[in-house]
Amino acid sequence: MVLLLALIPSGVEAQDAFDEFKRRIDSDFSRFQNEKNKEYDDFRKKINAEYADFLKKSWEEYNSFKGIPKPKDEPVPPVIYDDKKPIKDNPKPFDEIIPVVEPEPQPTPVAPIEDSPKPVVESHAFSFYHTPMSVRLGNSHRFTLASCNEKSVAQVWNVLSGNRYNDVINDCLKIRVQYRLCDWAYLEMLNEMSTSFFKGRKNEAVLLAAFIYCQSGYKMRLAYAGERLYMLYASNYGIYDMPYWNIGGVDYYAYDCNSEQLHICNASFPNEKPLSLQMTSEQLFSSNISESRNLQSTRYKDVKTSVSVNKNLIDFYNSYPTAMINNDLGTRWAMYANTPLSKNAQMSLYPSLKSAVSNSGQLDAVNKLLNFVQTAFEYEYDDKVWGHDRAFFADETLFYPYCDCEDRSILFSRLVRDLLGLKVVLMYYPGHLAAAVHFTEEVKGDYILLNGEKYVVCDPTYIGAPVGRTMPDMDNSSATVILLD
């Protein structure tokens with residue numbers, strides 16, 4: 001027994017053995033991590049050097065194509081409901097179904113980017129939609145672009161490819177995550193950061209933004225006209241009213257450029273991805289809350305609320321390009337309808353609306369929300385207010401004094417999905433947008449059948465109409481159904 005006890009290590013000896021084992025494991029992992037980091041670093045340096053070599057070659061001249069004109073429908077005016085006939089089931093035909101366009105993950109660097117060996121203590125502070133931001137960027141990072149010729153751009157690209165700029169790339173990517181910036185917001189943020197950093201030196205600002213945008217995983221091309229350098233960003237979305245350049249079958253749009261003819265370098269970067277114009281989450285800008293707006297349903301007196309929104313978010317939406325994907329016009333409205341309502345708007349709007357519909361069945365609840373959207377907002381044509389067609393995100397409809405059929409249907413679809421958890425589709429007729437709701441209980445009225453599921457028509461511009469009524473003069477045979485997420 002004594003001999004067996006002597007063979008068992010004491011507590012101190014066991015702890016020493018474990019500590020030694022842990023040190024060995026940590027050391028092996030650290031060596032492995034350093035080797036991998038060096039591999040990543042060497043890989044990035046290699047591809048950036050190859051990219052810089054390509055930049056030295058002659059850039060080809062391209063002419064732009066005119067932007068895709070926004071479709072111009074003759075708008076259908078709102079109609080006051082006065083139909084006294086009983087509501088009965090009435091199936092409606094439709095021509096086309098536009099499927100949901102699934103969002104893709106945001107681009108990422110071709111390889112992990114380690115911070116600089118010597119941490120940068122300098123920082124550059126800037127404001128993006130009145131939201132304070134800061135990156136590790138200082139006087140040591142300033143450079144001069146002698147000209148827009150191929151040799152000068154390639155030389156500076158080699159400078160930018162050094163480890164000194166790793167910190168600012170990582171900071172920009174962290175900002176994208178922290179503020180939940182979509183691709184368009186990220187592109188705008190990079191341009192704001194670089195423009196404020198270089199203070200009037202436009203070519204240097206463009207090259208810094210383009211470099212970080214490229215290193216972040218996005219597909220872009222450099223171009224020049226005269227003495228100005230430009231960045232072109234690729235997108236699979238057809239952006240309305242914006243000139244574009246088609247290079248190798250890919251459409252590129254110029255950021256802040258009025259030239260129709262550009263010399264473009266078609267150098268590609270591994271795994272580069274085009275910019276998406278979908279927003280899957282709210283952009284977390286600093287709060288600049290608007291004055292409260294009182295809204296009330298005409299029919300249901302208890303359906304009333306006060307709402308305020310973040311004006312910084314509204315300013316951002318003003319810059320957002322109107323676009324479609326897959327040449328389907330309906331995807332434009334789906335992008336607006338699938339963008340979530342901001343938390344601030346939800347906090348001011350939803351408690352009172354939830355209270356108003358909490359004890360109602362599905363039909364009564366949807367009728368209350370429908371009449372709320374029909375009667376709490378003032379209708380006006382886009383051409384009269386804006387001078388052109390313009391769709392609203394849900395927050396914008398809550399902010400601006402006027403809205404039209406598409407804005408109402410987008411907001412209505414958001415309210416029904418968020419407050420009641422029911423599925424909604426949009427229905428597009430020439431010059432008009434309405435909605436249809438899938439109830440899980442029996443509801444009568446005009447409806448469409450999708451994959452065996454019944455969606456009952458709800459029209460936020462048919463003023464006073466209940467669930468199940470289609471606005472007069474809508475030719476249902478030409479309706480297009482737009483699926484939402």
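The values are calculated or read from the model by the stated rules, or taken from the named source; none is laboratory data. Since the structure is predicted, the reported quantities are computational estimates derived from the model, not experimental observations. Counting neighbours? That spans all protein chains shown, and the Cβs are built from the backbone with ideal geometry, glycine included.
Tell me, yes or no, whether the stretch 183-196 has at least one residue that is without any contact (Cβ under 8 Å) to a residue 40 or more places away in the chain, in contact with a strand residue (DSSP E or B) (Cβ under 7 Å, 6 or more places away or on another chain) and closer than 26 Å to SER281 by Cβ. No, every residue in the stretch 183-196 fails to be without any contact (Cβ under 8 Å) to a residue 40 or more places away in the chain, in contact with a strand residue (DSSP E or B) (Cβ under 7 Å, 6 or more places away or on another chain) and closer than 26 Å to SER281 by Cβ.
Return a yes/no flag: does the stretch 282-299 have any residue that is modelled with pLDDT of 95 or more, among the hydroxyl-bearing types (Ser, Thr, Tyr) and in a helix (DSSP H, G or I). No. Of the residues making up the stretch 361-420, those that are aliphatic (A, V, I, L, M), part of a helix (DSSP H, G or I) and touching a residue at least 60 places away in the same chain (Cβ under 8 Å) are LEU363, VAL366, LEU369, LEU370, VAL373, LEU398, ILE410, LEU415, LEU419, LEU420. Checking the stated criteria, LEU173 turns out not to satisfy the condition of being hydrophobic (A, V, I, L, M, F, W, C), in contact with a strand residue (DSSP E or B) (Cβ under 7 Å, 6 or more places away or on another chain) and either modelled with pLDDT of 95 or more or surrounded by fewer than 16 Cβ atoms within 10 Å (Cβ to Cβ) (or both). Being touching a strand residue (DSSP E or B) at 6+ places or on another chain (Cβ under 6 Å), outside any loop (DSSP other than H, G, I, E, B), farther than 23 Å from ASP302 by Cβ and not β-branched (Val, Ile, Thr) is a property that does not hold for SER348. Does SER306 count as assigned by TED's automatic domain parsing to the domain that holds ASP364, without any contact (Cβ under 8 Å) to a residue 60 or more places away in the chain and of a type outside the set (A, V, I, L, M)? Judged against the criteria, SER306 is a match.
Taking the condition closer than 16 Å to CYS405 by Cβ and either under 14 Å from the mean Cα position of the chain (by Cα) or of a type in the set (Val, Ile, Thr) (or both), does VAL373 pass? So VAL373 passes the test. Each residue in the stretch 232-267 was checked for being acidic (Asp, Glu), more than 16 Å from ASN327 (Cα to Cα) and within 22 Å of the chain's Cα centre (by Cα), and 1 pass. Based on this model, can you work out whether LEU277 counts as outside the structural domain of ASN191 (by TED's automatic domain parsing), surrounded by 21 or more Cβ atoms within 10 Å (Cβ to Cβ) and part of a loop (DSSP other than H, G, I, E, B)? So LEU277 fits the description; yes.
Within the stretch 183-218, the residues that satisfy the criterion of being charged (D, E, K, R) and either buried (at least 21 other Cβ atoms within 10 Å of the Cβ) or part of a helix (DSSP H, G or I) (or both) are ASP183, GLU188, GLU192, LYS202, GLU204.
Looking at the stretch 84-107 only, could you name the residues that are assigned to a loop (DSSP other than H, G, I, E, B) and surrounded by 14 or more Cβ atoms within 10 Å (Cβ to Cβ)? Of everything in the stretch 84-107, those that are assigned to a loop (DSSP other than H, G, I, E, B) and surrounded by 14 or more Cβ atoms within 10 Å (Cβ to Cβ) turn out to be ILE87, LYS92, PHE94, VAL101, PRO103, GLN106, PRO107.
For (1) out of contact with any Phe, Trp or Tyr (no Cβ under 7 Å at 6 or more places or on another chain); (2) over 17 Å from ALA391 (Cα atoms), each residue gets a yes or a no:
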| site | (1), (2) |
| --- | --- |
| PHE316 | no, no |
| THR322 | no, no |
| LEU329 | yes, no |
| THR339 | no, no |
| LYS343 | yes, yes |
| PRO351 | yes, yes |
| SER358 | yes, yes |
| GLY361 | yes, yes |
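Taken over the stretch 108-145, the criterion of being surrounded by 14 or more Cβ atoms within 10 Å (Cβ to Cβ), among the hydroxyl-bearing types (Ser, Thr, Tyr) and outside any loop (DSSP other than H, G, I, E, B) is satisfied by THR131 alone.
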